[in-house]
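Single-structure report; data block below.
The values are calculated or read from the model by the stated rules, or taken from the named source; none is laboratory data. Since the structure is predicted, the reported quantities are computational estimates derived from the model, not experimental observations. For neighbour counting, all protein chains shown are included, and Cβ atoms are generated from backbone atoms with ideal geometry for every residue, glycine included.
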Amino acid sequence: MSAAANVLVNASAPSNETGYRTFTLGSFKISRDEYFVHVTWPAKGQQMKHIMSADAFLRAMMRDVAWGFFYGWVNFDGMVGTRNKYGQVEFYAGRYAPAYHDRGLDLVETFDTPLIMATFKAILEDFTNKGFDPFAAPDETGSSWVGKKNGSNTEAIDRQRQACKRMPGLPGDAELRTDSNGYPVNRAFADVVQDAPEVHAEAGFENDVHAMNLFAYLSRSDVTWNPSVTSVCGRSLCCPTTEEYILPIKHGNDRVEWFVQLSDEIEWEVEDKLTGLPRAKAIMKAGDVAAMPANIRHQGFSKKRSMLLVWENATPELPEMYESGKLQPYPVNF
Ligand code: PHB
Ligand code: FE
């Protein structure tokens, strides 16, 4: 046992063989070896086992931790994941894999958010080796995730989301990613023009009126598949992000969300939220706009680092309104 944020995390001593600990969360056990993470749970008198690449597992768990379990379902793959009940979180195995669920071989357990958060953080810290950054593209972080326990990378996994206090570029903003003192332009965006719009404010409004080059701002993003909230207007959140390789989770929406493809191309696989059956494939090119319905799970594939605007509606009543049928799961009836 170790204490994190006054919550007891249930962990074994490091294994003599691999150096990694085994973690217990309710009836689930989570362990890793040189290549794989293993999740086990009891069902119908037997011990069920699921295996997935440690690389994919760590990338998914990193998002779950960084996003505070996000909206709805965070499927690490087709078998295991979390569902945010806003105050509590479900961890499940097989619940949304009909071959398991229909035979009673799945398990869902509910945890208070601080316990599952502390456990996930401890797992991330233990399973992440030196040099591996779960937010980086594979080309940037390499195969350092492979092998026996070898150091850690707390700097990468504790990275604090940089929240703007005001629009980037206005006096008093929290960061200066748009200027040359900030983050370097990513190798994939070397051609993005770095100029800034000219602003001619009415006298007396110089401190209130502003414009920025969002493309220049995003070209300096040092993370992938990690939307940052850059503007808030009531419940409307504009969350642009840069995407390379695979969205590490199959997100099950609990509300409609909009995508605006700002550059390059992302291929989306859209599946039924409950069964995982294929529903659609969307190839989004620069300028394309799509609404992702509230009853699907989706995963994106981006061959070249691209820019995506995710537009979220943070209204707290939405999950209940969709679940009860008060709202249809898509925004338009054609
Ligand atoms: C989503 O699930 O809608 C999502 C999450 C992270 C991203 C992009 C989209 O980077
Ligand atoms: Fe989503």
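Observations, loosely collected:
- Among (1) part of a loop (DSSP other than H, G, I, E, B); (2) within 16 Å of ligand 2 (Cβ to nearest atom); (3) small (Gly, Ala, Ser) - the single one residue 104 does not satisfy: (2)
- Taking strands (runs of 3 or more DSSP E) as the structural unit, those lying wholly within region 244-334 and holding at least 2 residues that are without any contact (Cβ under 8 Å) to a residue 40 or more places away in the chain correspond to 265-272, 278-285, 289-292.
- Of all residues in region 229-238 being within 15 Å of ligand 1 (Cβ to nearest atom) and modelled with pLDDT under 90, the one that is nearest to residue 56 (Cα to Cα): 229
- Region 35-59 residues that are under 15 Å from residue 18 (Cβ atoms), paired with ones that are of a type in the set (Gly, Ala, Ser) and part of a strand (DSSP E or B) (beta carbon under 7 Å, 6 or more apart): 35/53; 36/53; 38/31
- Every test in (1) within 24 Å of residue 191 (Cα to Cα); (2) of a type in the set (Lys, Arg); (3) within 10 Å of ligand 1 (Cβ to nearest atom) is passed by residue 220 save one, and that test is (3).
- Matching residues in region 187-198 - criterion: being surrounded by 10 or more Cβ atoms within 10 Å (Cβ to Cβ), at pLDDT 95 or above and not β-branched (Val, Ile, Thr): 187, 188, 189
- Residues located in region 277-308, provided they are surrounded by 19 or more Cβ atoms within 10 Å (Cβ to Cβ) and of a type outside the set (S, T, N, Q): 284, 292, 293, 294, 296, 297, 298, 300, 305, 307, 308
- Taken as a whole, the condition of being within 15 Å of ligand 1 (Cβ to nearest atom) and either surrounded by 22 or more Cβ atoms within 10 Å (Cβ to Cβ) or without any contact (Cβ under 8 Å) to a residue 24 or more places away in the chain (or both) does not apply to residue 226.
- The strands (runs of 3 or more DSSP E) falling completely within region 43-92 that include 1 or more residues that are surrounded by fewer than 18 Cβ atoms within 10 Å (Cβ to Cβ) map to 46-53.
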